[in-house]
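Chemist: Below you'll find the structure I mean.
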Amino acid sequence: MPRRAGAGVLPDGPVAAQIVRIDGARRFLFARLVDGGADVYVHASLFEGLVPALREGDTVTLVVGSGERGPRAVRLQRG
């Protein structure tokens, strides 16, 4: 069952997402859930070993939690 975070609903378990923006200088990226929903913030600590292999448009698998400003990834896997 999905969890609630503020006004949004967080998916339960791993979900597919597509990378929509990478900011290497500021050490974060945003990924959009494939089945719809808000963009998810991903801190560099979750993807450092995957860059520069990760590119905008790539599909990743995320586990999503809640952050102060909205959905935030707590785990990321390639593909």
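The values are calculated or read from the model by the stated rules, or taken from the named source; none is laboratory data. Worth saying up front: this structure is predicted, and the values here are computed from it rather than measured. Quick reminder, even Gly has a Cβ in these numbers, built from the backbone with ideal geometry, and neighbours come from all protein chains shown.
Chemist: Search segment 1-38 for residues being modelled with pLDDT under 85 and aliphatic (A, V, I, L, M), and hand back the single one that is nearest to Gly57 (Cα to Cα).
Modeler: Ala38
Chemist: Do you know which residues across segment 35-79 are part of a loop (DSSP other than H, G, I, E, B) and under 16 Å from Ile22 (Cβ atoms)?
Modeler: Residues satisfying the conditions are Phe47, Val51, Pro52, Ala53, Leu54, Arg55, Glu56, Gly57, Asp58.
Chemist: Another question, then. Cβ contacts < 8 Å: first residue more than 13 Å from Phe30 (Cα to Cα), restricted to segment 60-71; second residue of a type in the set (Val, Ile, Thr), any location; separation 6+ or different chain. Result?
Modeler: Here the result reads Val63/Val15; Val63/Val74; Gly65/Val74, each pair linking segment 60-71 to a residue that is of a type in the set (Val, Ile, Thr).
Chemist: So which residues in segment 58-79 are of a type in the set (A, V, I, L, M) and at pLDDT below 90, if there are any at all?
Modeler: The answer is Leu76, and nothing else.
Chemist: Tell me yes or no: at least one residue of segment 42-57 is at pLDDT 85 or above, of a type outside the set (Gly, Ala, Ser) and exposed (fewer than 12 other Cβ atoms within 10 Å of the Cβ).
Modeler: So far as segment 42-57 goes, yes, one or more of its residues are at pLDDT 85 or above, of a type outside the set (Gly, Ala, Ser) and exposed (fewer than 12 other Cβ atoms within 10 Å of the Cβ).
Chemist: Identify the residue in segment 27-41 that is touching a Phe, Trp or Tyr at 6+ places or on another chain (Cβ under 9 Å) and under 18 Å from Pro14 (Cα atoms) and, among all such residues, is surrounded by the most Cβ atoms within 10 Å (Cβ to Cβ).
Modeler: Here the residue is Ala31.
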